1. Just want the answer: with Cβ charges of +1 for Lys and Arg and -1 for Asp and Glu, which residue in VAL314, GLY258, LEU297 is farthest toward the dipole's positive end in segment 229-359?
2. Taking a 28 Å limit on the Cα-Cα distance, which of the listed pairs LYS179/LYS350; LYS131/LYS202; LYS135/LYS338; LYS135/LYS202; LYS179/LYS202 fall beyond it?
3. Taking the Cα centre of segment 229-359 as origin, sum charge times position over the Cβ atoms of Lys and Arg (+1) and Asp and Glu (-1), and report the length of that vector in debye to the nearest 20.
4. Would you mind ranking THR309, THR86, THR347 by Cβ crowding within 10 Å, fewest neighbours first?
5. How large is ³J(HN,Hα) for each residue in segment 341-354, as worked out from phi by the Karplus curve 6.51 cos²θ - 1.76 cosθ + 1.60 (θ = phi - 60°), to whole Hz, x for Gly and Pro?
6. Which order do LEU84, LEU191, LEU313 fall in if you start with the one that has the fewest other Cβ atoms within 10 Å?
7. Find, to one decimal place in angstroms, the Kirkwood hydrodynamic radius of segment 229-359, where the mean of 1/r is taken over every pair of different Cα atoms and then inverted.
8. Could you list LYS320, LYS350 in order of exposure, starting from the residue whose Cβ has the fewest other Cβ atoms within 10 Å?
Amino acid sequence: MEKPQPNYLRDGVFIVVMLLAVLLFEIFSGNSGEVHSYNVPKEKPAQAAAPAVAPAATSKPDPGTLIQFAKPQDWTNVTDGSGLATFSFALPGDAGVSAIPLPARLAENPMIVNMWREQVGLGPVDEDTVKSLSKPIQIGGHTGRIFDVAGTEPLAGQNTPPRIVSASLVLGQVGWFFKLSGPADSIGPQLGAFTNFLATLKFQPAASQVNFDRLMAEAQQAKPPPPAPDVASPTWAKPAGWAEKPRTAMRLGNFTAGDGQAEITLMTFPGDVGGLLANVNRWRDQSGLPPVDAAGLASATERVSVAGTPATLVEAVGDKNGSISVYHPVGNQTWFYKITGPSAVVTAEKGAFMGFLQSIRFPKP
């Protein structure tokens, strides 16, 4: 039977839905006069229910029905904040281990590895590079693949750069992902225990037949409603030459320019998302530019105003590809406005992009 070809666009949507909650929980990466207003939807308050109704506590299967394991003594069971992990452990030194099942086709999707890379402040790599970065590893009597990605700069509140060691294994319809993450100086001492833990796992028959529709439903029941955005979404005026694309779960504004060659996005996340320096170097790396240190940050950025509040513009234009990005803290969130594409197109669209920034308005409280 011919092996189905991967559809990374389709898979990417599923990855975002399945992993966005996990990443956010752990991280801490036509018409010129037409105005659009997009509001982040708030969940409706839950109806009062009888105490006997507790679907999250009773419907989620025991981890032992999927995988049997013996954890090291210094690993502590913790409740997964996303509701998606089969099991989660807290390790000494602010490190953690989790196991997440996803559809098997996603095990070879480079977007997974690029999400881990972005989480530690590294830029994305192509599919061939992703394959070259993996090594074989024994996982419960099967041969899986393991990736080891380490950042170069500490994240906010940490003294050492972050590191993620992620192992994956396909069993039937399921791709299992086992992730060890935390500060780099905490990961090294736990690496041997982690690989031994993986080798001694005992997969049960149900581990190859996870019901993902039910998993998502249970995750929604298990986790508390997310807090309402600290600041309501803004309005803006779309430049005449830009074409609007459908919004996604992450992209509150989504456009193309330059005959579709450049992409413009508007996104928001809670907190500082790693801080300004880490994001500047991520954007520079994506454009093939060298990183800067804290002393060189001023020369690589420009202070601008968006909706009357301070923001930082980063113009990272390389030989082939480039981007202009804006890092905009508002309340307890950080807003990101970005145009990316071939360098010539990004440069040509800079005026329209700057006009777009000036049109952004946030509702008054």
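Here, each number is a calculation from the coordinates, and none is a lab measurement. Everything quoted here is computed from the prediction, not taken from an experiment. Note that we place each Cβ from the backbone using ideal geometry, even for glycine, and neighbour counts take in every protein chain shown.
1. Result: GLY258.
2. Over 28 Å apart, Cα to Cα: LYS179/LYS350; LYS135/LYS338.
3. With only Lys, Arg, Asp and Glu charged at Cβ, the dipole is about 200 debye.
4. In order of increasing Cβ crowding within 10 Å: THR309, THR347, THR86.
5. x, x, 4, 5, 6, 4, 5, 5, 8, 4, x, 5, 5, 5
6. Fewest to most other Cβ atoms nearby, the residues stand as LEU191, LEU313, LEU84.
7. One over the average 1/r among Cα pairs gives 15.0 Å for segment 229-359.
8. Taking fewest neighbouring Cβ atoms as first place, the list is LYS320, LYS350.
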